[in-house]
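Quick notes on the structure that follows.
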Amino acid sequence: MWGIIATWRMALEGIEKAEGMLKEGGDAGDAIEAAVREVEDFPFYKSVGYGGLPNEEMEVELDAAYMDGDTLDIGAVAAIKDFANPVSIARRLSKEQANNLLVGEGAEKFAHKEGFERKNMLTDRARIHYRNRKKEMVQSELKPYSGHDTVGMVCLDSKGKMTCATSTSGLFMKKKGRVGDSPISGSGFYVDSKVGGASATGLGEDVMKGCVSYEIVRLMAEGLHPQEACEKAVAHFDRELKERRGKAGDMSLIAMNNKGEWGVATNIEGFSFAVAVEGQKPAVYLTKQEN
Ligand code: SD4
């Protein structure tokens, strides 16, 4: 059995690419990296990679992660500028003995040394979004949560290896140096080939409060189906945040177990996600809010 699940409609072309590789017996690491790169390279997705929306200072700072569910190796970069494919840099870092999460200049230095492609990731389109937003901000208070959407994926290959990866420009108009949940293990992603994996999109500051990706994997390890695990973790944590803080940020989680069964839960209306599993063509689905 093989399969791949990803957050948001934008992942479909990436999922199709991964499907081609997995069908041929390809490795879950190669397939997920290729799928995420597809999203990173597409300039019209304004929250991932090239064309991602900038921070307060009009700089595109990107976060990405990669995890291998066999070895539990993790690599991640945060607030990295001017490199084309953060997910590949994260994957390379996952093979290091130490220094697995690098931020800003340190991450850029590593990427340069390893020969990764330098690229100005700020597009004219993103610049226009930024200027328009600045103008709006004269009238209204700055709310850095708009124009988001992380790509997060969980992948299973036919040998039973599982991987997880994320990539994002984080929140539009975030502060310079702000790091979200996406490069943080257990929050934005987690995978264990003995069980399954999960990944998050939403307000990183809130996702991190609950380590929601890890919680879903933990629930799957207790025997829950990925759908039950996602629903239980998201509903529980959404309730906790509302009780304690009066509100909960957007949170949408995807998961897959090592049998290729998958699940999704969200506290927003209309969360889209893409799935391809053996015997089922790649497709995009849309959730409805239940509570
Ligand atoms: C972050 N979780 O940086 C990301 C943003 C995101 O849907 O996923 N938005 O907080």
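General observations
- Qualifying residue in the range 136-158 (condition: modelled with pLDDT of 95 or more, crowded, with 18+ Cβ neighbours inside 10 Å and over 13 Å from the mean Cα position of the chain (by Cα)): yes
- Single match in F83, F110 (criterion: out of contact with any Gly (no Cβ under 6 Å at 6 or more places or on another chain), surrounded by fewer than 22 Cβ atoms within 10 Å (Cβ to Cβ), at pLDDT 95 or above and not polar (S, T, N, Q)): F110
The rows are residues; the columns are (1) under 16 Å from N267 (Cβ atoms); (2) in contact with a strand residue (DSSP E or B) (Cβ under 9 Å, 6 or more places away or on another chain).
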position: S193; (1), (2): no, yes
position: V207; (1), (2): yes, yes
position: V212; (1), (2): yes, yes
position: E215; (1), (2): yes, yes
position: G223; (1), (2): no, no
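- At least 2 residues being within 16 Å of the ligand (Cβ to nearest atom) is the threshold, and among the strands (runs of 3 or more DSSP E) wholly inside the range 202-291 those reaching it are 251-257, 262-266, 272-277.
- The lone exception for L156 - which of (1) more than 9 Å from the ligand (Cβ to nearest atom); (2) more than 24 Å from R92 (Cβ to Cβ); (3) not basic (K, R) it fails: (2)
- Only one of the numbered conditions (1) more than 20 Å from L253 (Cα to Cα); (2) within 16 Å of the ligand (Cβ to nearest atom); (3) assigned to a strand (DSSP E or B) is not met by A64, and that is (1).
- E57 meets all of the listed conditions (1) touching a Lys or Arg at 6+ places or on another chain (Cβ under 8 Å); (2) in a loop (DSSP other than H, G, I, E, B); (3) under 28 Å from T71 (Cα atoms) but one, namely (3).
- All of (1) over 23 Å from G204 (Cβ atoms); (2) outside any helix (DSSP H, G or I); (3) free of Cβ contacts under 8 Å to residues at least 40 places away in the same chain hold for G26 with one exception: (3).
- Among the residues of the range 1-18, just one is within 16 Å of the ligand (Cβ to nearest atom) and surrounded by fewer than 20 Cβ atoms within 10 Å (Cβ to Cβ), namely R9.
- Only residues that are part of a helix (DSSP H, G or I) and either more than 13 Å from D157 (Cβ to Cβ) or small (G, A, S) (or both) were counted in the range 29-48, giving 10.
- Put simply, of G270, G246, G223 the only residue that is surrounded by fewer than 21 Cβ atoms within 10 Å (Cβ to Cβ), under 20 Å from the mean Cα position of the chain (by Cα) and on the phi > 0 side of the Ramachandran plot is G270.
- Set S47, S94, S88: member being at pLDDT below 95 and of a type in the set (S, T, Y): S47
- Taken over the range 254-291, the criterion of being of a type in the set (K, R) and touching a helix residue (DSSP H, G or I) at 6+ places or on another chain (Cβ under 7 Å) is satisfied by no residue.
The values are calculated or read from the model by the stated rules, or taken from the named source; none is laboratory data. Note that the coordinates shown come from a computational prediction; the quantities given were computed from them, not determined experimentally. Using ideal geometry, Cβ is built from the backbone for each residue, glycine included, and neighbour counts are taken over all protein chains shown.
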